[in-house]
Amino acid sequence: APPECPFCGEAAGRELEEHVRARHGHLLGAPGTGDGEQLYECPMCGLTCTNIQILEEHVDLHLEEHSFSEGGNIRDLELAQRLQTEEDERQRSEEEKREREEFKKLQRQYGLDNSGGFKQQFLRNMEREVDRGRMQPFEYHKRKADMMESLASGIDDGKTKTSGVIEALCKYYQNENKDVKRVWLSAGVDHFHSSLGDRGWGCGYRNFQMLLSSLLQNSFYNDCLRDTTLIPSIPKIQSMIEDAWREGFDPHGASHFNNRLQGSKAWIGACEIYSLLTSLRIKCQIIDFHKPTGPMGTHPRLFEWILHYYSTDNEGGAKVVCTSKPPIYLQHQGHSRTVVGIEEKKNRSLCLLLFDPGCSSQEMQKLLKPNSDGSGLKLLRKFVGSLKEKQYQIVPVDGVLSLEEKTARCHASQVLTSEKIP
């Protein structure tokens, strides 16, 4: 509020000094003392002066102090506002920076950061191996030539493949008599593990190779796989998924990848596997176990569904049932695996048998050794308490589609939904 005159109470603002002098100068004097000395009292603080000039100087100091204080308050307010504005801008800048870094992190995590694909990663990792003395230059050039040939042909080089594991498991379970009551195994399937070119992001592609290796051994699928008689390389699988998108499958999912996978390290999941299989006229579906159905975050319904899948039409009394069922693609956040069978223990608990692309061929080949004691099975076995992710999706295969059915599914996939298990 503007300062008020100490004599009349009128708001005088910055002109207080002039107001006091012009309107009330005659009051600055006061009655004299008893000895005849004239006294002058300050109207602001009551101080008594014996000289009018001294009083005027004293009042001037009061007025200057007030003016300085008022100006200081304005300056303090302006400074506070400026500091707050600067702080708001700093926080907004830091938030935008964090958002950019998080977005780049997600792009790197899902292979969408334009850092190259299978070929570039393969070459970089081999160069590191040479620099560390783990690979000789001649081996580098040989493997590079093999890789380039594989890319040119679109056929996987087979260097990460292990065959015959299902057959070895069948023999093992025939002699196992400890705690397995019955076991159902999928049709023959080769195991593929990640290589220098797809380590960290290629699990979805490797699981598709496993599934396809089983379908190629089944004459029932010969017609729809006549153009895919050998296991494709990862860049070729990327191209095949792009072809499915161009046919009209899953446009929403395609837009997530900007309609392009080739030359990237993009992760793929159940939707891309479904689109690719359906484009090949292979009948499949996505089953979504969208929440735990047992205690401690477990998914017993998932195990029961898979048991029903393998045991339907295979209810004979044999302990070991080698079915004609293809393996099942299994997806959860951040990783995917391939279900190749299921055990029922004597206490009626269930145990899945999984091929994991993260398991090396050296480990898988231990399962091929004769007279195996089964210790290698810990690589494959997953009990109910071992699968505790919030959500799982599976892609089971169940026959061949006609051209009309394929077209219908293509249209339906434009609003692609999965069957949710309650």
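The values are calculated or read from the model by the stated rules, or taken from the named source; none is laboratory data. Remember, predicted model here, so these are calculated numbers, not experimental data. Note that we place each Cβ from the backbone using ideal geometry, even for glycine, and neighbour counts take in every protein chain shown. SASA here: full protein model, heavy atoms, side chains in, ligands and nucleic acids out. Shrake-Rupley method; radii C 1.70, N 1.55, O 1.52, S 1.80 Å.
Brief remarks on what is shown
- Meets criteria (open to solvent by less than 10 Å² (accessible area, probe 1.4 Å) and closer than 13 Å to Tyr310 by Cβ) for Pro357: no
- In the range 336-380, the residues that are of a type in the set (S, T, N, Q) and farther than 25 Å from Val397 by Cβ: Asn347, Ser349, Ser360, Gln362, Gln365, Asn371, Ser372, Ser375
- Meets criteria (more than 17 Å from Asn125 (Cβ to Cβ) and hydrophobic (A, V, I, L, M, F, W, C)) for Trp201: no
- Within the range 132-146, being closer than 14 Å to Ser195 by Cβ and in contact with a helix residue (DSSP H, G or I) (Cβ under 8 Å, 6 or more places away or on another chain) holds for Met135, Arg143, Lys144.
- Matching residues, the range 202-225, being assigned to a loop (DSSP other than H, G, I, E, B), over 21 Å from Phe118 (Cα atoms) and not acidic (Asp, Glu): Leu216, Gln217, Asn218, Asn222, Cys224, Leu225
- Scanning the range 206-220 for residues that are touching a residue at least 12 places away in the same chain (Cβ under 8 Å) and either open to solvent by 10 Å² or more (accessible area, probe 1.4 Å) or of a type in the set (S, T, N, Q) (or both) returns Asn207, Gln209, Ser213, Ser214, Leu216, Gln217, Asn218, Phe220.
- Inclusion of Arg281 among residues that are open to solvent by 20 Å² or more (accessible area, probe 1.4 Å) and either free of Cβ contacts under 8 Å to residues at least 40 places away in the same chain or in contact with a Cys (Cβ under 6 Å, 6 or more places away or on another chain) (or both) is warranted.
- His256 vs. criteria open to solvent by 20 Å² or more (accessible area, probe 1.4 Å), under 19 Å from the mean Cα position of the chain (by Cα) and in contact (Cβ under 8 Å) with a residue 24 or more places away in the chain: no
- Of Ser186, Ser93, Ser150, Ser115, all but one fail to be of a type in the set (S, T, N, Q) and modelled with pLDDT of 95 or more; the exception is Ser186.
- Condition met for Cys322 (open to solvent by 50 Å² or more (accessible area, probe 1.4 Å), touching a helix residue (DSSP H, G or I) at 6+ places or on another chain (Cβ under 6 Å) and within 25 Å of Val165 (Cβ to Cβ)): yes
Table: residues versus (1) out of contact with any Gly (no Cβ under 7 Å at 6 or more places or on another chain); (2) of a type outside the set (A, V, I, L, M).
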position	(1), (2)
Met364	yes, no
Leu368	no, no
Asp373	yes, yes
Leu380	yes, no
Gly385	yes, yes
Tyr392	yes, yes
Asp398	yes, yes
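Conditions tested, residue by residue: (1) at pLDDT 95 or above; (2) at positive phi; (3) among the hydroxyl-bearing types (Ser, Thr, Tyr).
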site: Leu216; (1), (2), (3): yes, no, no
site: Asp223; (1), (2), (3): no, no, no
site: Thr228; (1), (2), (3): no, no, yes
site: Pro235; (1), (2), (3): yes, no, no
site: Glu242; (1), (2), (3): yes, no, no
site: His252; (1), (2), (3): no, no, no
site: His256; (1), (2), (3): no, no, no
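- Any chance Ile268 is aliphatic (A, V, I, L, M) and in a loop (DSSP other than H, G, I, E, B): yes
- Count - residues of the range 284-309 that are assigned to a loop (DSSP other than H, G, I, E, B), open to solvent by less than 40 Å² (accessible area, probe 1.4 Å) and not β-branched (Val, Ile, Thr): 2
- Residue match in the range 226-246 (condition: buried (at least 21 other Cβ atoms within 10 Å of the Cβ), in a helix (DSSP H, G or I) and without any contact (Cβ under 8 Å) to a residue 24 or more places away in the chain): no
- Candidates in the range 160-203 are the residues that are touching a residue at least 60 places away in the same chain (Cβ under 8 Å) and of a type in the set (Lys, Arg); of these, the one that is surrounded by the fewest Cβ atoms within 10 Å (Cβ to Cβ) is Lys181.
- Taken together, the residues in the range 363-417 that are among the polar types (S, T, N, Q), in contact with a strand residue (DSSP E or B) (Cβ under 9 Å, 6 or more places away or on another chain) and part of a helix (DSSP H, G or I) amount to 2.
- Considered as a group, the residues in the range 345-362 that are part of a strand (DSSP E or B) and at pLDDT 95 or above include one that is farthest from the chain's Cα centre (by Cα), and that residue is Leu350.
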